[in-house]
Amino acid sequence: TDATHTRDEKLLAICTLLNENIDYYNWVGFYFANHETKTLHLGPYIGAETDHTVIPFGKGICGQVAESNANFVVPDVAAQDNYIACSFTVKSEIVVPLFVDGKNIGQIDIDSHVIDPFTADDERFLEFVNVQVAQLFA
Ligand code: SME
């Protein structure tokens with residue numbers, strides 16, 4: 001629909017803004033949950049193409065956040081056992097769930113090419129971003 005098209009353009013603009021303004025945000029994208037099939041589906045993103053367009057709940061950092069409803073900060077992806085590698089250039093990752101009316105409908109996922117760049121400030125900032133994003137689904 002036109003509404004979905006407009007929303008995706010806004011989501012892509014947010015990805016672009018974050019990627020271009022924060023030097024350690026090297027891949028920025030949204031995944032959206034299908035609670036019937038228990039899978040995450042890649043939405044708008046900026047950065048390297050990924051094979052992981054569909055991720056089962058529980059799998060990888062993203063899949064774990066779909067079930068935990070909590071932020072997941074990974075300072076060093078090499079130290080994670082339940083991790084889905086997209087690119088060898090990725091060293092760290094942060095995933096923050098996206099809530100609409102209290103329901104976890106997806107997440108923002110950010111990969112970095114440096115080790116341990118994400119602080120509590122990134123978590124608070126991305127939570128704020130997701131509160132704004134949630135308005136697009138109201
Ligand atoms: N690394 C993620 C998979 C998605 S890519 O980062 C885009 C994970 O372990 O869930």
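Restricting the search to the stretch 122-138, which residues are of a type in the set (Asp, Glu) and more than 19 Å from LYS91 (Cβ to Cβ)?
From the stretch 122-138, those of a type in the set (Asp, Glu) are 122-123, 127; that's our starting set.
GLU127, the sole residue that qualifies.
Would you say ALA134 is outside any loop (DSSP other than H, G, I, E, B), surrounded by fewer than 17 Cβ atoms within 10 Å (Cβ to Cβ) and modelled with pLDDT of 95 or more? It is true that ALA134 is outside any loop (DSSP other than H, G, I, E, B), surrounded by fewer than 17 Cβ atoms within 10 Å (Cβ to Cβ) and modelled with pLDDT of 95 or more. Looking across the stretch 68-93, the residues that are hydroxyl-bearing (Ser, Thr, Tyr) and more than 7 Å from the ligand (Cβ to nearest atom) come down to SER68, SER87, THR89, SER92. A count restricted to the stretch 94-114 and to residues that are in contact with an Asp or Glu (Cβ under 7 Å, 6 or more places away or on another chain) and exposed (fewer than 13 other Cβ atoms within 10 Å of the Cβ) stands at 0. Any chance you could count how many residues in the stretch 47-67 are more than 11 Å from the ligand (Cβ to nearest atom) and either within 14 Å of ASP109 (Cβ to Cβ) or among the β-branched types (Val, Ile, Thr) (or both)? Qualifying residue count for the region: 0. Can you find a residue that is away from the ligand (no atom under 16 Å from the Cβ) and within 14 Å of ALA66 (Cα to Cα) anywhere in the stretch 108-124? So far as the stretch 108-124 goes, no, none of its residues is away from the ligand (no atom under 16 Å from the Cβ) and within 14 Å of ALA66 (Cα to Cα). For CYS86, the conditions (1) at pLDDT 95 or above; (2) within 30 Å of ALA3 (Cβ to Cβ); (3) not β-branched (Val, Ile, Thr) are fulfilled apart from (1). When the stretch 1-30 is limited to residues that are touching a helix residue (DSSP H, G or I) at 6+ places or on another chain (Cβ under 8 Å) and over 23 Å from ILE115 (Cβ atoms), the one that is surrounded by the most Cβ atoms within 10 Å (Cβ to Cβ) turns out to be PHE30.
Per the conditions (1) of a type in the set (Ser, Thr, Tyr); (2) in contact (Cβ under 8 Å) with a residue 60 or more places away in the chain; (3) more than 24 Å from ASP121 (Cα to Cα), the sole criterion not satisfied by TYR31 is (3).
Contact map, the stretch 73-91: first residue touching a residue at least 40 places away in the same chain (Cβ under 8 Å) and under 22 Å from PHE125 (Cα atoms), second residue more than 12 Å from the ligand (Cβ to nearest atom) and among the charged types (D, E, K, R), Cβ cut-off under 8 Å, separation 6 or more or different chains; pairs are VAL73/ASP122; VAL73/GLU123; PRO75/ASP116; ASP76/ASP116.
The values are calculated or read from the model by the stated rules, or taken from the named source; none is laboratory data. In this text the structure is predicted, and so the values were computed from the model without any measurement. Cβ coordinates were reconstructed from backbone atoms using ideal geometry, including for glycine residues, and neighbour counts include every protein chain displayed.
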